[in-house]
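Novice: First the structure, which I've put down as structure tokens, then a few questions once you've had a look.
The values are calculated or read from the model by the stated rules, or taken from the named source; none is laboratory data. Just so we're clear, the structure is a prediction, and the values are computed from it rather than from any experiment. Here the Cβ positions follow ideal geometry from the backbone for every residue, glycine too, while neighbour counts run over all protein chains shown. Surface areas here come from the heavy atoms of the whole protein model, side chains and all, with no ligands, DNA or RNA. Shrake-Rupley method; radii C 1.70, N 1.55, O 1.52, S 1.80 Å.
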Amino acid sequence: MAIERVTTATFRKYRAEGKKITMLTAYDYPTARLVDDAGIDAILVGDSLGNAVLGYGSTIPVTMDDMVHHVKAVVRGVQRAMVVADMPFLSYNVSKKEALRNAGRFLQEAGAQAVKLEGGTEVAKSVQKITEAGIPVMGHLGLTPQSVHQLGGYRVQGKDEAAAKKLLQDAKALEEAGAFAVVLECVPVPLARLVTESIGIPTIGIGAGPDCSGQVLVIHDMLGFYGQFAPKFVKRYANLHENIMQGLQEYRCEVENGAFPGPEHGFGMDEEVLKKIN
Ligand code: KIV
């Protein structure tokens, strides 16, 4: 039986029914398969690729070509979830035309179903241009990591009156421009609730409390892949660092002491053949 794909209509339906939308990041084929098999509704190929996978200190060095390469791998591993491709730094800010061309690459070349971009009123025209071309756009407000230098660090946004008002206006501008959902990152819980109640499209929270229409986390954080610091809003659902380290150290020991490979891991051969070549 064909698996029914999650679409923007599914997002609208879930929001109307009060059913929470689940989203996680993934950047490669095996992880995408796991996330999809677990029934997660949407996979964000985030530009957090830069920090989580490519070893950069921020998302800023990530390029369109990096993203397309990873989105393609994720798409190959997914049957049900919506694949959302994150538009990297400066791929949508230079002109509306360039924004549309880059968004188009994610659907045409990489096979994603939607794109995500950071910002509010200032990117609304680009959002409109992209959605008018039939490409679903997810907005991203609050802590927008591509603006980390302007924001002065990774910190909670929308705490004072002016910033909270701007965030609410930005969410409305994104909805008006045609966005189908908006990520709220590191936003106070009451503000995220107010935004969620004030717009007609789903909000997806990360560090924005329980009242958003759905939640997203970076998969390496929630599975404890790095085993060190994780932001306050992350809950660890596994400790992969510990599990993987245990496996790796056991392998090293067993190779060093000769316990691996055992007889069960080897292949025999005909004694007669062996005699002839000896
Ligand atoms: O790049 C990313 O992973 C994101 C999420 C943190 C929302 O933008």
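Novice: With a cut-off of at least 2 residues that are away from the ligand (no atom under 16 Å from the Cβ) and charged (D, E, K, R), name the helices (runs of 4 or more DSSP H) lying wholly within segment 1-60.
Specialist: Those helices (runs of 4 or more DSSP H) span 8-17, 29-37.
Novice: Hey, can you tell me all the residues within segment 209-254 that are of a type in the set (D, E) and within 16 Å of the ligand (Cβ to nearest atom)?
Specialist: D221
Novice: Ok, one more. If we keep just the residues of segment 196-208 that are touching a strand residue (DSSP E or B) at 6+ places or on another chain (Cβ under 9 Å) and more than 11 Å from the ligand (Cβ to nearest atom), which is nearest to N51 (Cα to Cα)?
Specialist: The selected residue is T203.
Novice: Look through E176, E271 and report the one residue that is over 23 Å from the mean Cα position of the chain (by Cα) and without any contact (Cβ under 8 Å) to a residue 40 or more places away in the chain.
Specialist: Result of the check over E176, E271: E271.
Novice: Here is a further query. Going by the structure shown, is A52 of a type outside the set (F, W, Y), buried (at least 24 other Cβ atoms within 10 Å of the Cβ) and modelled with pLDDT of 95 or more?
Specialist: So A52 fails the test.
Novice: Quick check: anything in segment 27-36 open to solvent by less than 40 Å² (accessible area, probe 1.4 Å), farther than 19 Å from L217 by Cα and in contact with a helix residue (DSSP H, G or I) (Cβ under 8 Å, 6 or more places away or on another chain)?
Specialist: Looking for residues that are open to solvent by less than 40 Å² (accessible area, probe 1.4 Å), farther than 19 Å from L217 by Cα and in contact with a helix residue (DSSP H, G or I) (Cβ under 8 Å, 6 or more places away or on another chain), one finds none in segment 27-36, hence no.
Novice: Of the conditions (1) closer than 19 Å to T144 by Cβ; (2) within 16 Å of the ligand (Cβ to nearest atom), P188 satisfies every one except a single condition; which number is it?
Specialist: Unmet condition: (2).
Novice: Right, next: Is there any pair with a first residue in segment 81-105 that is within 13 Å of K129 (Cβ to Cβ) and a second that is of a type in the set (G, A, S) whose Cβ atoms are under 6 Å apart and which are 6 or more apart or on different chains, and what are they?
Specialist: Listed by first residue and then by second, the contacts come to Y92/A99; Y92/S126; K96/S126; A99/S126; L100/A133; N102/S91.
Novice: Which of the numbered conditions does V156 fail, given that it passes all the others? Conditions: (1) without any contact (Cβ under 8 Å) to a residue 24 or more places away in the chain; (2) open to solvent by 40 Å² or more (accessible area, probe 1.4 Å); (3) within 16 Å of the ligand (Cβ to nearest atom).
Specialist: Result: V156 passes all but (1).
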